[in-house]
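Undergrad: Attaching a single structure in structure tokens format; questions to follow.
The values are calculated or read from the model by the stated rules, or taken from the named source; none is laboratory data. As the structure is a computational prediction, the values presented were derived from the model and not from experiment. Because the Cβ atoms are built from the backbone with ideal geometry, glycine has one as well, and the counts that use them run over all protein chains shown. Surface accessibility is based on the protein's heavy atoms, side chains included, excluding ligands, DNA and RNA. Shrake-Rupley method; radii C 1.70, N 1.55, O 1.52, S 1.80 Å.
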Amino acid sequence: MALFVEKILQPLYRKYNKWGTQEIYPAYLFSGASDLENSFSVIQAEYKELIKRYDDFAPFQEISPHQMEISNDDKWRLFFLKGANIWFPKNCEQMPETVKIISDHPSIISAYVSVLGPRKVLNPHAGPYSGVRRLHMALDIPNEKKCYLTVNGRKLHWKEGKCVLFDDTYEHTAVNDTDEIRSVLFIDVVKTLPFPINMLNWCVIRMARLFSYVNIPLKRHKEWQKIFYGDANG
């Protein structure tokens with residue numbers, strides 16, 4: 001059902017996208033990018049405390065089985081703050097200042113800490129829904145030349161404290177060709193669309209939890225959370 005909806009909506013969203021149809025956008029087009037960059041030292045400090053428990057982060061495909069084609073080992077791990085417009089309150093307590101910034105921008109519907117392990121390459125893939133854009137703010141980049149993102153054949157190198165903005169419905173991959181971890185703040189921003197298409201987009205986003213792509217990860221995250229926080233009641 002979700003794939004059927006996306007096939008109908010993607011041409012519509014690309015046609016009426018106010019920022020134009022392209023793979024990569026200037027990060028400043030999203031106002032929240034400057035807020036994130038200006039607060040980088042605070043965000044990175046919270047990240048450095050959180051990453052001490054990196055080994056307890058779940059591999060993404062264990063939370064979201066749809067990611068199995070992208071990664072099938074334990075070298076892509078995420079820590080969820082917000083997904084499909086659903087907050088994860090206990091996780092948010094670990095990065096309170098970061099969450100304040102995210103909360104100031106209602107167009108941010110997903111926010112995770114995304115960590116690639118050493119010598120990790122994600123298989124080429126495309127995002128499932130064209131009603132959003134993907135933003136990465138680099139948190140921990142061990143080598144800017146050896147850590148990069150390729151979107152529809154165009155290469156981007158992450159720089160700590162800086163944001164990159166792209167359309168993840170184009171085929172893309174991420175590479176960490178170092179012996180250390182690479183981390184970004186991984187954010188989905190709702191596309192800027194004219195009325196009434198913008199209302200249609202928000203309706204689909206609000207309905208997302210009805211689809212298996214969202215509701216299965218939500219259930220699995222609750223189980224992971226019990227282990228991470230040692231809380232039998234979740």
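Undergrad: What are the pairs, 6+ residues apart or on separate chains, where a residue within the stretch 96-108 that is farther than 16 Å from Gly83 by Cα has its Cβ under 8 Å from a residue that is in a loop (DSSP other than H, G, I, E, B)?
TA: Once the first residue is farther than 16 Å from Gly83 by Cα and sits in the stretch 96-108, its partners that are in a loop (DSSP other than H, G, I, E, B) give Glu97/Ser39.
Undergrad: Evaluate the stretch 64-73: report whether one residue or more is crowded, with 21+ Cβ neighbours inside 10 Å, under 23 Å from Tyr148 (Cα atoms) and touching a residue at least 60 places away in the same chain (Cβ under 8 Å).
TA: No: the stretch 64-73 contains no residue that is crowded, with 21+ Cβ neighbours inside 10 Å, under 23 Å from Tyr148 (Cα atoms) and touching a residue at least 60 places away in the same chain (Cβ under 8 Å).
Undergrad: Same structure again: Examine the stretch 39-48 for a residue that is loosely packed, with under 11 Cβ neighbours inside 10 Å and outside any loop (DSSP other than H, G, I, E, B), and state whether such a residue exists.
TA: Yes, because at least one residue in the stretch 39-48 is loosely packed, with under 11 Cβ neighbours inside 10 Å and outside any loop (DSSP other than H, G, I, E, B).
Undergrad: With respect to Ala27, determine if the residue is surrounded by 12 or more Cβ atoms within 10 Å (Cβ to Cβ), closer than 26 Å to Val121 by Cα and modelled with pLDDT of 95 or more.
TA: Answer is yes for this residue.
Undergrad: Just checking, how many residues over the stretch 52-81 are within 16 Å of Ala126 (Cβ to Cβ) and among the charged types (D, E, K, R)?
TA: 1
Undergrad: Residues Val184, Val132, Val189: which one is under 14 Å from the mean Cα position of the chain (by Cα) and under 20 Å from Ile63 (Cα atoms)?
TA: On inspection, the qualifying residue turns out to be Val184.
Undergrad: Would it be correct to say that Thr192 is farther than 20 Å from Tyr13 by Cβ and of a type outside the set (Gly, Ala, Ser)? Break it down stepwise before answering.
TA: Working: farther than 20 Å from Tyr13 by Cβ: no; of a type outside the set (Gly, Ala, Ser): yes.
It is false that Thr192 is farther than 20 Å from Tyr13 by Cβ and of a type outside the set (Gly, Ala, Ser).
Undergrad: Every residue in the stretch 5-16 that is within 22 Å of the chain's Cα centre (by Cα) and farther than 15 Å from Trp202 by Cβ, please.
TA: Glu6, Lys7, Gln10, Arg14
Undergrad: Suppose we keep only residues that are of a type in the set (Asp, Glu) and closer than 24 Å to Gly32 by Cβ within the stretch 74-112. Which one would you say is most open to solvent (accessible area, probe 1.4 Å)?
TA: Restricting to residues being of a type in the set (Asp, Glu) and closer than 24 Å to Gly32 by Cβ, the top hit is Glu93.
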